[in-house]
Amino acid sequence: MLIRRLTPADATSFQALRLAALQESPTAFASSYEEEREFSQSFIEERLAAKPDRGTLGAFNGTELVGFIALGRERHRKLEHKALIWGMYVAPKFRRNGIGRALMCTALELARSVPAIRQVNLSVNANNKGAIVLYQSLGFKVFGHERGGMLAEGELHDELHMCFELAHGGSPM
């Protein structure tokens, strides 16, 4: 299994997996299939363009993209000490093989490589027990429970807000 930063050259495979993720797990993402299916190739390429303090990482089984995670960073000066995991997905047939953990650890290492980033936040569906256990095992702590934080397919879903405090120099594993 290879994990690496995605580049604009990965736009087609990333978009295919992202759309599959949005269809297979609609309550795991704030975005929807209907919103993202119209994204242009150039928009996806820009999304994957290299930036030193944010990026999208992919897990590959041979040449097949089987998982991804995206790390963003707050843009306001008073908030730029925070990064955000805004997307994580592993294709169903590749789950329970450590890929999610490896993706998250690599994203935390990317965040750690930027000295100004002090914490990484994420939101997760409160019913996604497997993801919550993974995040907690890595050191994420719940700091909020938002009732009805997402309305998907006409149903309200609670969201947990979690934070990982970076200690520059250590490993998240």
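Below are the figures for this structure:
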read-out	value
The stretch 71-89, residues that are under 16 Å from A16 (Cβ atoms) and either surrounded by 22 or more Cβ atoms within 10 Å (Cβ to Cβ) or out of contact with any strand residue (DSSP E or B) (no Cβ under 7 Å at 6 or more places or on another chain) (or both)	Y89
Yes/no for E109 being farther than 21 Å from R4 by Cα and either in contact (Cβ under 8 Å) with a residue 12 or more places away in the chain or more than 13 Å from the chain's Cα centre (by Cα) (or both)	no
Answer from A131, A59, A116, A70 - the residue that is more than 21 Å from D10 (Cβ to Cβ), among the hydrophobic types (A, V, I, L, M, F, W, C) and not in a helix (DSSP H, G or I)	A116
Selected residue [in contact with a Pro (Cβ under 7 Å, 6 or more places away or on another chain) and either at positive phi or surrounded by fewer than 17 Cβ atoms within 10 Å (Cβ to Cβ) (or both)] from G148, G139	G139
Some residue of the stretch 8-27 being closer than 22 Å to Q119 by Cα, more than 16 Å from the chain's Cα centre (by Cα), of a type in the set (A, V, I, L, M, F, W, C) and loosely packed, with under 12 Cβ neighbours inside 10 Å	no
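FYI, it's all coordinate maths here, none of it is from the lab. Quick caveat: nothing in here was measured; it's all calculated off a predicted structure. With ideal geometry, Cβ positions are generated from the backbone for all residues, glycine too; neighbour counts draw on all protein chains shown.
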